[in-house]
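Before any comments, here is the structure.
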Amino acid sequence: MNKAENLDATALSELSELSDDELRTLDAHWRAANYLAAGQIYLMANARLTEPLKAEHIKPRLLGHWGTSPGLNLVYTHLNRVIKARGLDALCVWGPGHGGPSVLANSWLEGSYSDTYPDVSRDGAGMERLFKQFSFPGGVPSHVAPETPGSIHEGGELGYSLAHAYGAAFDHPDLLVACVIGDGEAETGPLAAAWHSNKFLDPVHDGAVLPILHLNGYKIANPTVLSRLPESELDELLRGYGHDPIHVTGDDPLKVHRAMAAAFDDALDRIAVMQQSARADGVSERVHWPMIVLRTPKGWTGPAEVDGVPVEGTWRAHQVPLSEVRENPEHLRQLEAWLRSYHPEQLFGPDGRPVADVLACVPEGTKRLGSSPYANGGLLVRDLPIPSLDRFAVPVEKPGSTLHEPTRVLGDLLEQVMHDTAASRDFRLVGPDETASNRLQAVFNASGKAWQAGFLPVDEHLDRHGRVMEILSEHTCQGWLEGYLLTGRHGLFSCYEAFVHIVDSMVNQHIKWLKTSRELAWRAPIASLNYLLTSHVWRQDHNGFSHQDPGFVDHVLNKSPEVVRVYLPPDANTLLSVADHVLRSRDYVNVVVAGKQPCFDWLSMDQARAHCARGAGIWEWAGTENGGEPDVVLACAGDVPTLEVLAAAQLLRRHLPDLAVRVVNVVDMTRLMPRDEHPHGMGDFEYDGLFTTDRPVIFAYHGYPWLIHRLAYRRTGHANLHVRGYKESGTTTTPFDMVVRNDLDRYRLVMDVIDRVPGLAVRAAAVRQQMADARTRHHAWIREHGTDLPEVADWTWNA
Ligand SMILES: Cc1ncc(C[n+]2csc(CCOP(=O)(O)OP(=O)(O)O)c2C)c(N)n1
Ligand SMILES: [Mg+2]
């Protein structure tokens with residue numbers, strides 16, 4: 001047993017080497033932070049209580065979370081101490097991000113707030129501003145947010161702190177990432193999975209993560225599970241997760257300070273030893289990393305009782321402990337007594353500046369948590385070395401005559417990127433166990449898969465120092481990548497299309513973060529979050545219905561247009577071009593949907609570059625316009641719809657040679673949006689030219705058809721737009737049956753043309769009948785042979 005394990009605050013504090021002086025100054029800092037946190041929640045004037053508190057000093061709407069704040073303040077104070085004493089580069093991820101008042105208070109105390117926002121100076125006037133702006137119209141959010149200096153984690157939606165912390169620590173060997181985890185947050189699925197991140201942390205190349213589980217006992221209205229376990233059971237759980245818990249328990253501030261200091265010292269000493277043995281002595285055994293279990297009262301030092309019921313140390317302390325301060329004189333009196341209990345007159349000088357004792361523990365410059373460049377990753381990010389695409393392009397002599405697996409081709413490019421970042425270690429590929437399944441396995445030639453748990457001879461590509469990350473938790477993948485990007489690196493998340501929905505909510509939060517960050521001049525742009533969605537709906541014929549869901553695109557396209565981009569490259573070379581673009585981009589969430597199955601090569605590399613730059617364009621070689629106006633537009637987006645549209649175009653050439661057909665392919669979905677709704681949106685003149693204002697447009701789309709209508713509803717020709725796509729008709733069947741079931745197949749598309757082009761209904765009735773017959777033949781054939789019709793399976797472009 002290590003020296004500080006399983007001791008309460010009284011026992012641990014005896015181990016602490018804090019001098020009385022240090023203890024006094026730490027407590028002064030903590031009290032100042034508590035005062036400032038409470039002040040932000042309540043006061044819009046009289047910030048330093050230089051006069052008796054009156055109702056008009058109180059904000060009309062009381063918004064904020066007090067309960068978590070004293071605990072966060074304690075952690076901030078003690079992190080300051082160890083950062084300063086040890087010269088650490090540190091970040092802290094504040095899981096209970098609703099404790100915005102705490103992180104703002106500490107940032108103001110250390111001066112990083114005023115450095116970032118000079119109008120909120122570190123003096124009396126600045127304190128007034130700090131208080132008034134909090135949760136106030138035109139001010140700052142109640143939660144930790146992009147606006148908060150030093151933060152990479154909003155913490156509004158709980159559950160992602162630990163995964164973010166690990167993402168920040170990967171490939172930052174000199175960084176300590178502390179991570180406060182709320183005991184409520186610890187009940188979430190994403191947080192529970194993220195404990196296993198320590199099996200992926202390489203002590204040689206990665207920094208350290210120090211989890212601090214904050215057992216304040218309560219959530220909003222309930223006790224927390226972990227706080228009500230016997231301590232031995234909690235310890236077994238945490239040890240099972242691969243941690244050695246160090247307990248700090250108490251409610252006597254001075255004893256807790258001593259215990260906290262001892263716990264931090266113990267944890268950091270052990271981390272230093274573990275890093276030293278891995279780095280200098282080459283020890284490769286997996287280690288149990290220390291963590292702190294902090295058990296202090298919720299709303300500690302706040303009102304003990306309000307209106308005759310206990311508040312401090314209960315769930316009632318979660319938000320605003322005294323809620324009627326303006327109306328209820330007793331609440332006003334209690335608030336004043338509470339605020340004065342911190343003795344603000346001792347903590348702030350006559351000019352309102354924090355006194356020397358309060359600032360004694362505060363580190364300087366970029367060592368301050370609120371000024372760390374690691375928390376403003378755009379300051380650290382360097383361009384990714386992306387090789388020339390021509391080396392990886394597939395040769396295309398003639399469209400539709402050769403086949404390649406697009407993601408495999410991309411894998412070769414990623415291998416090179418992985419190889420070229422071997423020294424800089426600033427690129428990672430994450431995914432839930434599907435890198436090889438998604439045909440990206442070439443990357444393993446350049447890097448193995450990160451792994452610190454047991455090894456067996458049967459394993460392949462596991463590597464203690466690998467930069468490919470596979471864990472069967474989409475949440476953890478997402479959280480790691482977000483943390484990695486937010487601290488200045490690059491990456492790609494490859495995922496089955498249907499199951500990426502698991503992180504719908506996480507990506508919402510990341511998009512919100514990016515949208516706000518883009519509006520803050522001091523936040524430097526970071527690398528985009530790139531998704532490669534493969535094993536997509538049309539080729540989940542083998543896994544069946546559960547694996548068929550193309551809706552992530554719909555989800556993402558609801559979000560801030562300045563942040564989101566969606567690409568559906570139709571072949572290998574267009575995928576390369578899109579990948580090149582997204583890997584270079586900044587501050588976006590890019591969704592790329594591409595197949596892993598053999599797919600026809602349509603465009604040479606140069607054509608692919610030009611087509612992707614346009615985002616949507618006419619494939620003249622595929623159509624039969626011959627310089628005239630088209631009778632019909634066949635539009636497509638996605639690899640399988642593109643194949644069906646080209647096959648339909650070929651059938652039309654054969655059966656209706658006089659029909660003028662235009663083939664349009666869309667790679668960048670946001671091109672379909674109006675120009676004033678998305679930066680990539682097409683102006684009406686261009687759109688009308690491409691799709692016509694009055695001809696039928698048969699649009700074969702990869703996902704749910706409504707999306708295309710939604711994007712195009714304002715266009716003149718919308719009434720002529722007829723979209724085919726996935727309509728939840730799926731099962732385990734043949735690839736072509738998937739498109740037949742959803743009426744996206746070539747035969748159905750030809751029937752759609754005949755039905756919609758004026759005059760064809762009668763003239764082409766026989767052709768229509770042949771198409772319907774082909775579908776009937778298909779139906780019988782697959783049931784007898786289990787494979788697609790030879791005319792489908794052996795199809796090639798043959799114009
Ligand atoms: C995913 C999610 N679900 C619900 C909420 C609503 N919520 C906000 S704070 C909170 C309780 C958090 O308790 P805990 O993690 O223990 O933090 P504490 O305030 O006690 O430090 C809840 C349920 C949320 N923010 N995120
Ligand atoms: Mg709690």
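The values are calculated or read from the model by the stated rules, or taken from the named source; none is laboratory data. The model shown is predicted, which means the values in this text are computed figures rather than measured ones. So basically every Cβ, Gly included, is an ideal-geometry build from the backbone, and we count neighbours across all protein chains shown.
Restricting to region 250-266, and then to whatever is crowded, with 20+ Cβ neighbours inside 10 Å and closer than 23 Å to GLY302 by Cβ, can you tell me which residue is farthest from ligand 2 (Cβ to nearest atom)? This residue is ARG258. Just give me the residues in region 668-705 being acidic (Asp, Glu) and within 21 Å of LEU568 (Cβ to Cβ), in sequence order. Scanning region 668-705 gives ASP668, GLU677, GLU686. Restricting attention to region 146-182, which residues are β-branched (Val, Ile, Thr) and within 13 Å of ligand 1 (Cβ to nearest atom)? VAL180, ILE181 - these are the residues of region 146-182 that are β-branched (Val, Ile, Thr) and within 13 Å of ligand 1 (Cβ to nearest atom). Criterion applied to TYR726, TYR701, TYR687 was being over 25 Å from LEU789 (Cβ atoms) and of a type in the set (Phe, Trp, Tyr), and the one residue passing it is TYR687. Scanning region 208-248 for residues that are surrounded by fewer than 19 Cβ atoms within 10 Å (Cβ to Cβ) and either at pLDDT below 95 or within 13 Å of ligand 1 (Cβ to nearest atom) (or both) yields ILE220, ALA221, ASN222, PRO223, VAL225, ARG228.
Among the residues of region 698-724, those that are of a type in the set (Ser, Thr, Tyr) and outside any loop (DSSP other than H, G, I, E, B) comprise TYR701, THR716. Checked against the criterion of being under 23 Å from GLU482 (Cβ atoms) and under 28 Å from the mean Cα position of the chain (by Cα), region 389-406 has no qualifying residue.
Of all residues assigned to region 392-402, none qualifies as being more than 22 Å from ILE526 (Cβ to Cβ) and not in a loop (DSSP other than H, G, I, E, B). All conditions in (1) surrounded by fewer than 20 Cβ atoms within 10 Å (Cβ to Cβ); (2) farther than 30 Å from SER135 by Cα hold for GLY308, with the sole exception of (2). Against the conditions (1) surrounded by fewer than 20 Cβ atoms within 10 Å (Cβ to Cβ); (2) within 14 Å of ligand 1 (Cβ to nearest atom); (3) in contact (Cβ under 8 Å) with a residue 60 or more places away in the chain; (4) of a type outside the set (D, E, K, R), HIS205 satisfies every one except (2).
Within region 438-449, residues that are farther than 22 Å from GLN597 by Cβ sit with their Cβ atoms under 6 Å from residues that are small (Gly, Ala, Ser) and buried (at least 19 other Cβ atoms within 10 Å of the Cβ), at 6+ positions apart or across chains, in these pairs: SER447/GLY466; GLY448/GLY466; LYS449/GLY466. Just checking, how many residues over region 165-197 are of a type in the set (Gly, Ala, Ser), outside any helix (DSSP H, G or I) and within 16 Å of ligand 2 (Cβ to nearest atom)? Residues in region 165-197 being of a type in the set (Gly, Ala, Ser), outside any helix (DSSP H, G or I) and within 16 Å of ligand 2 (Cβ to nearest atom): 2 in total.
Here's the yes/no breakdown for (1) hydrophobic (A, V, I, L, M, F, W, C); (2) assigned to a helix (DSSP H, G or I); (3) surrounded by fewer than 24 Cβ atoms within 10 Å (Cβ to Cβ):
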{"position": "LEU74", "(1), (2), (3)": "yes, yes, no"}
{"position": "HIS78", "(1), (2), (3)": "no, yes, no"}
{"position": "LYS84", "(1), (2), (3)": "no, yes, yes"}
{"position": "ASP119", "(1), (2), (3)": "no, no, yes"}
{"position": "PRO137", "(1), (2), (3)": "no, no, yes"}
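Restricting region 580-608 to residues that are aromatic (Phe, Trp, Tyr) and more than 28 Å from the chain's Cα centre (by Cα), the residue that is surrounded by the fewest Cβ atoms within 10 Å (Cβ to Cβ) is PHE600.
Out of the residues in region 465-493 that are of a type in the set (Val, Ile, Thr) and within 13 Å of the chain's Cα centre (by Cα), state the one that is nearest to SER517 (Cα to Cα). Of everything passing the filter in region 465-493, THR487 is nearest to SER517 (Cα to Cα).
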